[in-house]
Amino acid sequence: MIGGNLEARPEDYIARQHYVNLRHTNGSIEVSSDYERVYDLIEDLELEALPPGSSILSLGCRTGYEVRILGQRFPNCRVVGLDIVGAFIVAAEVADGNPNTEYYNADMHQLPFRDGEFDVVFCVGTFEHCYNLQRAALEMQRVCKRLLYVTADLMPDVSRSDEAASEDPAEWLSLFQREGWKLKRDWQEPGCIVKASYHMVWERT
């Protein structure tokens, strides 16, 4: 079974996430290539049909790059970003002057939101770093009302204790195959550091 299901968060978990993000190729935690697919997904996921007042959640938002994109594209929607690293959230709030965006410093294994609070939930480049995959998947689904978009790395082994690994898409799918949800679309894209990224779009039925 895929790894990452630690019973308790490692003592250095938050510091480790900070360190890993700061090791991007150009030394920045704001790497536009990580999120350039957001533009395409807006059309692919039928987000243009979101009525005013809808809500979008970005999990593992780092310093808010994706949140700012979504906030600009959907000025009449509530857009929320969440990250476990407090320093990232502080930087995001400083960089983002949009009154319709919000940022939370919290753990996605225990989201501070109501059931079905968000119409759309994004989790890009974050899920494989969760320390309890089952709990994180349940929390994403709990707060999501309509569409859930999540990526996971396809790689053969676990390189760190807080990073999950599987080359089998079926293992990632199994974490979200629950009553009331159906797979709307899935695909793979070549990865830069890992073999590939696996993309899943889930829809609440």
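The values are calculated or read from the model by the stated rules, or taken from the named source; none is laboratory data. Because the structure is predicted, anything quoted here is derived from the model rather than measured. Cβ sites come from the backbone with ideal geometry, for glycine too, and all protein chains shown count toward neighbours.
Below, the figures for the structure above:
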| quantity | calculated |
| --- | --- |
| Positions within the range 125-137 being under 13 Å from the mean Cα position of the chain (by Cα) and outside any helix (DSSP H, G or I), in sequence order | Gly125, Thr126, Cys130 |
| Checking Arg185 against (1) surrounded by fewer than 18 Cβ atoms within 10 Å (Cβ to Cβ); (2) among the charged types (D, E, K, R); (3) without any contact (Cβ under 8 Å) to a residue 60 or more places away in the chain; (4) outside any helix (DSSP H, G or I), the condition it does not meet | (3) |
| Some residue of the range 105-128 being under 28 Å from Gln177 (Cα atoms), in contact with a Pro (Cβ under 7 Å, 6 or more places away or on another chain), small (Gly, Ala, Ser) and at pLDDT 90 or above | yes |
| Members of the range 59-104 found to be more than 25 Å from Arg142 (Cα to Cα) and β-branched (Val, Ile, Thr), listed by number | Val90, Val94 |
| So Phe122, is it touching a Phe, Trp or Tyr at 6+ places or on another chain (Cβ under 9 Å), in a strand (DSSP E or B) and not charged (D, E, K, R) | yes |
| In the range 108-119, the residues that are in contact (Cβ under 8 Å) with a residue 24 or more places away in the chain and either surrounded by fewer than 18 Cβ atoms within 10 Å (Cβ to Cβ) or part of a loop (DSSP other than H, G, I, E, B) (or both) | Met108, His109, Gln110, Leu111, Phe113, Arg114, Asp115, Gly116, Glu117 |
| Enumeration of residues in the range 49-78 that are of a type in the set (Lys, Arg) and outside any loop (DSSP other than H, G, I, E, B) | Arg68, Arg73, Arg78 |
| Flag if Glu93 is at pLDDT 90 or above, of a type outside the set (S, T, N, Q) and part of a helix (DSSP H, G or I) | yes |
| Residue in the range 96-107 that is surrounded by the fewest Cβ atoms within 10 Å (Cβ to Cβ), counting only those that are assigned to a loop (DSSP other than H, G, I, E, B) and polar (S, T, N, Q) | Asn98 |
| Unmet criterion (only one of (1) of a type outside the set (Lys, Arg); (2) under 28 Å from Leu173 (Cβ atoms); (3) at pLDDT below 90; (4) more than 12 Å from the chain's Cα centre (by Cα)) for Gln72 | (2) |
| Given (1) out of contact with any His (no Cβ under 8 Å at 6 or more places or on another chain); (2) without any contact (Cβ under 8 Å) to a residue 60 or more places away in the chain; (3) under 24 Å from Ser197 (Cβ atoms), index of the condition Glu93 fails | (3) |
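Rundown of residues vs (1) hydroxyl-bearing (Ser, Thr, Tyr); (2) in contact with a strand residue (DSSP E or B) (Cβ under 9 Å, 6 or more places away or on another chain); (3) modelled with pLDDT under 85, yes/no style:
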position: Gln141; (1), (2), (3): no, yes, no
position: Ala152; (1), (2), (3): no, yes, no
position: Asp157; (1), (2), (3): no, no, yes
position: Ser161; (1), (2), (3): yes, no, yes
position: Glu167; (1), (2), (3): no, yes, no
position: Trp181; (1), (2), (3): no, yes, no
position: Cys192; (1), (2), (3): no, no, yes
position: Met200; (1), (2), (3): no, yes, no
